[in-house]
Amino acid sequence: WSDNPAWILYDLLINNRYGLGNRIDNKEDINIFNLYKIGRYCDGVDENGNFVGMSDGLGGLEPRFSCNVLIDAADNAYEIINQIATVFNGKPFWSNGAIDFYSDRPLETSAHFSNANVFDGLFNYVDISKSANFNCVQVQFQDKEKDFSITSEIVEDEDGIRKDGKIVRKINGKGTTSRGQARRLAKYILYSNKLEREIVNFRAGSE
């Protein structure tokens, strides 16, 4: 048993009865090493595997990401996998003949791009539409401390509210059952929207 979203994904991928186990090879078709790293990040452990944890909002510690969700009907496999991956702010993708996963977490730089190694040395920058701005995030989740009743956790950008008035974005915290995780999700969405305001496009060679 596990509520770690990385291992829930692995179970769904390899199980022959309710997953994709009869369609993929668990040794060849899944990047298990990357999934293992994501699993450790979800558990909130240090480099030696010791639990460090995150604040649960009640004075204690909890894993960074946990997933408690009921899948009670058949659905598109990719959609289910994608929904579980969003719990750890990730995305599934197909790479080098295997299912792999991206997770938005601290990583070493994987590649450097400059005017010297992009097509014509050009970078095109585009601002994100102001209509996508919001300054308040409301996450709905099933609170395990309140008999799993539906509760909301709200995080606000006070400066943004003073400037533009309150603009609320409502989010369903998929698989979230703790106030601490709901709050971290709200802050992640709010500050990603506030600080990541520009898109850059460029062309590079296959290497």
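The values are calculated or read from the model by the stated rules, or taken from the named source; none is laboratory data. Quick caveat: nothing in here was measured; it's all calculated off a predicted structure. For neighbour counting, all protein chains shown are included, and Cβ atoms are generated from backbone atoms with ideal geometry for every residue, glycine included. Quick note on the areas: whole protein, heavy atoms, side chains included, nothing else; ligands and nucleic acids left out. Shrake-Rupley method; radii C 1.70, N 1.55, O 1.52, S 1.80 Å.
Worth a mention:
- Spin-label model distance (nm) - ASP46 vs ASN201, 7 Å beyond Cα toward Cβ: 4.6 nm
- Counting only DSSP H runs of at least 4 residues, each contributing -39500 (n - 2.57), and dividing by the residue count of the chain, the helix-based mean residue ellipticity at 222 nm comes to -8000 deg cm²/dmol.
- The order of the peptides 195-203, 28-36 by mean Cβ neighbours within 10 Å, most packed first, is 28-36, 195-203.
- In the range 1-153, the portion of solvent-accessible area held by carbon and sulfur atoms comes to 49 percent [1.4 Å probe, whole percent, DNA, RNA and ligands not counted].
- Summed over all non-identical Cα pairs, the Kirkwood treatment of the range 125-207 gives a radius of 14.4 Å.
- Relative contact order [Cα under 8 Å, 6+ residues apart], the chain, whole percent: 20 percent
- Anisotropy class of the range 5-68 from Cα gyration tensor, a/c 1.5 cut: oblate
- Estimated FRET transfer efficiency when R0 is 22 angstrom, pair LEU58-GLN140 (beta carbons, to 0.05): 0.70
- Cα centroid separation - the range 1-24 against the range 53-75, whole Å: 18 Å
- Net +/- balance of residues flanking LEU58 in space, Cβ distance below 10 Å, scoring K and R +1, D and E -1: -2
- In terms of its C-alpha gyration tensor, the chain has an oblate overall shape, because the principal axis ratio a/c (a ≥ b ≥ c, square roots of the eigenvalues) is not below 1.5 and a/b does not outweigh b/c.
- Label point at LYS163 placed 7 Å out along Cα→Cβ; residues across the range 128-149 whose backbone nitrogen lies under 15 Å: 128-136
- Spatial separation of Cα centroids for the range 96-125 and the range 160-207, in angstrom: 21 Å
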